[in-house]
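Visitor: Encoded as structure tokens, here's the structure I'll be asking about.
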Amino acid sequence: MASSSSTTVNEIAHEFLPSLRVYKDGRVERYVGTEVAPASVDPTAGVQSKDIKIVPDIEANIIVVSVNYRLAPEHLLPVAYEDSWVAVKWVASHFKGDGQEPWLKDYVDFDRVFFGGDSAGGNIAHNMAMRVGLGKLDAIRLVGLLLNHPFIWGEEPIGNEAVDINYKARVDSFLRFVNPTSVGSDDPLMNPGVDPKLSSLGCTRVLICVAEKDPLRDRGLYYCEVLAKSGWKGKVENMEAKGEDHVFHLINPLVKMQ
């Protein structure tokens with residue numbers, strides 16, 4: 001017979017399959033997104049990386065900074081936003097040749113900075129651009145945003161969300177779980193359409209990428225619409241991958257987009 005303590009250990013508190021399961025003792029089991037590519041040199045692509053998270057692509061003549069922010073639910077929101085903002089400010093600290101990282105001091109053009117991200121990373125990139133636009137950082141010139149299948153949401157269902165009400169309810173529940181101090185799905189962190197300061201977005205160019213079969217597709221297109229109508233003085237465009245699902249390029253990097 002199992003003891004009461006062992007039974008409690010295995011009791012499930014929250015379940016958001018197929019992504020993760022949270023037990024009552026605080027353990028979190030993740031089923032996707034657990035693999036991390038080690039720092040390396042790829043001679044075929046001409047890309048070098050090192051563990052301080054600066055990745056130069058020699059052929060593209062760019063420096064890419066990837067932020068290893070702390071994940072929810074182990075670290076509840078807004079921790080991921082704060083971690084990312086710390087990283088942005090760290091990069092900006094190399095402006096005018098200051099800072100300790102030579103790849104940033106020697107190669108970065110701080111007048112040509114872009115933010116970007118996939119899924120939750122797209123959401124975070126948007127919110128970092130909002131902070132820049134609200135005057136919280138002067139050391140860089142943010143030119144544009146690349147939001148790839150961004151995880152944005154809202155209380156009122158739009159598009160196909162009204163068809164799959166169970167999926168909508170699961171996402172609403174998940175957002176309340178990982179950000180318990182927020183107002184829910186209509187928190188401006190999740191729903192840019194309710195943000196009265198959206199016109200302050202701190203760049204002049206935005207590209208939204210959506211996928212035809214992605215449950216978040218309509219939200220990406222919605223973002224384009226509300227941003228264009230907000231009074232923001234920039235240009236927003238969208239690109240759709242036909243026949244593809246959410247972050248398909250991460251699952252199959254060699255796929256040829258239609």
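The values are calculated or read from the model by the stated rules, or taken from the named source; none is laboratory data. What you see is a predicted model; the values in this text were computed from it and never measured. Note that each Cβ is placed from the backbone with ideal geometry, even for glycine, and that neighbours are counted across all protein chains shown. Ligands, DNA and RNA are excluded from the accessible area calculation, which covers all protein heavy atoms including side chains. Shrake-Rupley method; radii C 1.70, N 1.55, O 1.52, S 1.80 Å.
Visitor: Would you rank Asp186, Asp172 by solvent-accessible area, highest first, keeping every protein chain in place and using a 1.4 Å probe?
Guide: The ranking, largest first, comes out as Asp186, Asp172.
Visitor: Post the alpha-carbon centroid distance, the range 74-127 to the range 158-178, in whole angstrom.
Guide: If we compute the Cα centre of each part, the gap is 30 Å.
Visitor: In addition: Could you compute the FRET efficiency for Val183 and Ser40, with r as their C-beta to C-beta distance and R0 at 45 Å, rounded to 0.05?
Guide: The value I calculate is 0.60.
Visitor: Hey, got the Cα dimensions of the chain along the principal axes, in Å, largest first?
Guide: Taking max minus min along each principal axis of the Cα atoms, the chain gives 65, 43, 39 Å.
Visitor: State the dimensionless ratio Rg/Rh of the range 151-258 (Rg: radius of gyration of Cα atoms; Rh: Kirkwood radius).
Guide: Dividing the radius of gyration by the Kirkwood radius yields 0.98.
Visitor: Averaged per residue, what accessible area in Å² does the chain show with a 1.4 Å probe, protein chains only?
Guide: Roughly 58 Å² per residue, with all protein chains present.
Visitor: What is the pair-distance distribution P(r) of the range 207-258, computed from all Cα-Cα distances in 5 Å bins starting at 0, with each bin given as a whole percent?
Guide: 5, 20, 26, 20, 13, 9, 5, 1
Visitor: Rounded to the nearest 0.05, what FRET efficiency do Asn10 and Arg170 have when you use their Cβ-Cβ distance and R0 = 25 Å?
Guide: Efficiency, from the Cβ-Cβ distance: 0.65.
Visitor: Give the Rg/Rh ratio for the range 63-159, taking Rg as the radius of gyration of the Cα atoms and Rh as the Kirkwood radius, to two decimals.
Guide: 1.01
Visitor: Among Lys197, Lys96, Lys105, which one moves the most in a GNM of the chain with springs linking Cα atoms closer than 10 Å?
Guide: Per the Cα network of the chain with a 10 Å cutoff, Lys96 tops the list.
Visitor: While we're here: Quick one: how many lysine pairs in the range 143-257 have C-alpha atoms under 25 angstrom apart, if they're 8 or more apart or on different chains?
Guide: 8
Visitor: Rule-of-thumb check for the range 120-214: C-alpha Rg over 2.2 N^0.38 Å?
Guide: Here the answer is 1.16, to two decimals.
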